[in-house]
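Heads up, the thing below is written out as structure tokens.
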Amino acid sequence: MTTGRAVVVVRAGALTTVQDLGRPGYAHLGVPRSGALDAPAAALGNRLVGNAPPAAVLETTVNGCAVRTRQGVTAAVTGAPCRVTVDGRPAPFGAPLWVPAGAVLDVGSAVAGVRTCLALSGGVAVEPVLGSRSADLLSGLGPAPLTDGCVLPLGPENAPHARVDVAPQPGPPAELVLRVRLGPRADWFTADALRTFGTRVYRVSSASNRVGLRTEGPPLERAVSGELPSEGMVLGAVQVPPDGRPVVFLADHPTTGGYPVVAVVHEDGLAAAAQAPPGTPVRFVPVGPGAIGSRPVGSVPAARRP
Amino acid sequence: MRPLEVGAHALLVELDSGEEARALHAELLRRRAAGELRVREIVPAARTVLLDGLDDPRGLAARLPAWSVPPPRSRARDVVELAVRYDGPDLAEVAALWGVSPGEVAAIHSGTEFRVAFCGFAPGFGYLTGLPDRYGVPRRATPRTAVPAGAVALAGPYTGVYPRASPGGWQLIGTTDAVLWDHARVPAALLAPGTSVRFVPQERP
């Protein structure tokens, strides 16, 4: 829908992408789910500006972004806390704010956490791909990451914004404690490795991205040395590549993979995982009933990444 | 049939063979279409089917083994034909691995009826099965940093076509001009799990 409403990107930042609820339902075609990594922050931002939940927001990484409005826009900045200014004047974080026509809204560097969310009234209205406006960095679907000077169309404003002074949000974690359920390939690891996984402290690796939260720490030793035939992967799967360091799959994760999944992170931990900067201590805490379906290990040809 | 729990909302159902996985996949699609099964994603793979977005994975895991799963019907009318030039840079190497001439590689490959066992790696990339076991080939020791879109490639028991330019380690035997993925098209993917595929040799213009 063309409304003429738009913002112009004046500072794209390190990595700012358009994100919404993602494109579930196409995993069987190799299409990642994608979507905002800190989904609660995106949902809050949309509520604050009067958008429906599927509206697209901007997700920044580490150092924010800045946009110039063409018309007056209600905005809300959520997720990783940061300094917010409108034409250089301080503006609230975590609350609806009015940005007059022609003003520059600057979302500053995260003072804690990694990813700040900028919601704009009407939502970012770039062309959807398979029903979603999310940028999928693994397969290149959806809009490209923002660049300086690019213009983002906005949809029509259709609801009054929320009347709150400030909306409470969880702070970014000093230590990331991820509740996990073991399985489906926990039996590909030695008992020692499972103990290590459930008791030792890992750290968030700087190689983390929208595909996965990579970790550094004691490697997990395999009990089964063969190759795993490719199989479907879920959001939050903790996959263990040959180096033995667990990787937590985030929104842009591949839909099938060939390394064993030792555990799956409870979905309510994924937003915190997306906000944990490199170096943050990570503990995996196995909870819940023992996984069903322990299995013998067979051998069939493995399907590896092309 | 072994259902494995994958977190709180998913099951990975492991089968004894790719053929069984194909049959279960077809049955799951049928039951979902009939409204008997609520699930967001059904992802077939080499010998598993992932069911993601289930309300009660444990309940389904308990019921699954009692299901009667008919063998999949072959649907010969739905064959996708891909015109291919057998001109890949690894054709001679594959010919040597198979112990035949490059021309015979083309004849064997184009004489095979393939089926998309599953997708992954990139939108529209299908893992095609159909070649007899003796024609399996290893991946290249050093992956290429750039494989062009449309490259027809082999690895292990699989054939695949790169939907877009990307790095890749499979053995390249040919090229097709077919558009494997176009998100503006319905459906976006030319190849989906279960699709039958035949490669038709094309003379160089």
Read phi for every residue in segment B:181-191 and hand back ³J(HN,Hα) as whole Hz from Karplus 6.51 cos²θ - 1.76 cosθ + 1.60, θ = phi - 60°, with x for Gly and Pro. 9, 8, 5, 8, 9, 10, x, 5, 9, 5, 10
When the convex hull of its Cα atoms is projected in every direction, mean area for segment A:104-182 (nm²): 9.2
At 0.890 mPa s and 25 °C, Stokes diffusion of chain B via Kirkwood alpha-carbon radius, µm² per second: 135
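Buried accessible area between B and A (1.4 Å probe, both chains summed, ligands and nucleic acids excluded), in Å² to the nearest 100? Working shown, then result.
Values: alone 10800 and 13860 Å², together 20950 Å².
The contact between A and B buries close to 3700 Å².
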Between the modelled labels at residue B:1 and residue A:223 (7 Å from Cα along Cα→Cβ) the distance in nm is 2.6
So, with points 7 Å from each Cα along the Cβ direction, the residue A:70-residue B:134 label distance in nm works out to 6.6
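Roughly how compact is segment B:46-96, stated as its Cα Rg over 2.2 N^0.38 Å to two decimals? Mind showing how you got there, number by number?
Details: Rg = 20.5 Å, N = 51, 2.2 N^0.38 = 9.8 Å.
After normalising by residue count via 2.2 N^0.38 Å, the value is 2.09.
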Using DSSP H assignments, which helices in chain B have an axial alpha-carbon span of 18 Å or above and a mean Kyte-Doolittle hydropathy of 0.0 or higher? none
With Cα atoms, 0 to 90° folded angle of helix A:39-49 axis to chain A main axis: 10
What percent do you get for the relative contact order of chain A when only Cα pairs under 8 Å and 6+ apart count? 21
If R0 = 56 Å, then residue B:203 and residue B:29, at their Cβ-Cβ distance, give a FRET efficiency to the nearest 0.05 of 0.90
Report the residues of segment B:147-172 in range of a label on residue B:87: point 7 Å along Cα→C-beta, backbone N strictly under 19 Å from it. B:147-154, B:161-166, B:171-172
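Report relative contact order for segment B:112-182 in percent, whole number only (criteria: Cα-Cα under 8 Å, sequence separation at least 6). Intermediate results must be reported in sequence, preceding the final value.
Working: 154 pairs, mean separation 21.0, N = 71.
Answer for segment B:112-182 is 30 percent.
For segment A:1-146, what is Rg from Cα atoms divided by 2.2 N^0.38 Å, rounded to two decimals? Provide the component values of the computation, followed by the final result.
Working: Rg = 14.3 Å, N = 146, 2.2 N^0.38 = 14.6 Å.
Ratio of Cα Rg to 2.2 N^0.38 Å: 0.98.
Please identify the trypsin sites (Lys or Arg not before Pro) of segment B:59-153 that satisfy two criteria: DSSP loop assignment and at most 16 other Cβ atoms within 10 Å. Which are they? Provide the component values of the computation, followed by the final result.
Details: sites: B:63, B:73, B:75, B:77, B:85, B:115, B:134, B:139, B:140, B:144; in loops: B:73, B:75, B:139, B:140.
Answer in residue order: B:73, B:75, B:140.
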Enter the accessible area per residue of segment B:68-175 (Å², integer; probe 1.4 Å; all protein chains in place). 43
Just give the residues from segment B:163-192 buried by at least 30 square angstrom of accessible area in the all-chains context relative to the isolated chain, probe 1.4 Å, and say none if nothing qualifies. B:164, B:181, B:183
Can you compute the modelled spin-label distance between residue A:209 and residue B:55, with each label point 7 Å from Cα toward Cβ, in nm? 3.9
With a 1.4 Å probe and all protein chains kept in place, how do B:159, A:190, B:129 rank by accessible area, largest first? B:129, A:190, B:159
Given a Förster distance of 56 Å, the FRET efficiency implied by the Cβ-Cβ spacing of residue B:67 and residue A:10, rounded to the nearest 0.05, works out to 0.45
Accessible area (Å², per residue) of segment A:153-225, counting only protein heavy atoms and a probe of 1.4 Å: 55
Dimensionless Rg over Rh [the protein assembly as shown; C-alpha; Kirkwood]: 1.00
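The values are calculated or read from the model by the stated rules, or taken from the named source; none is laboratory data. Since the model is a prediction, treat every value here as computed from it, not as a measurement. Cβ: placed from backbone, ideal geometry, glycine included. Neighbour counts: every protein chain shown. Accessible surface is based on the protein model in full, side chains and every heavy atom, while ligands, DNA and RNA are left aside. Shrake-Rupley method; radii C 1.70, N 1.55, O 1.52, S 1.80 Å.
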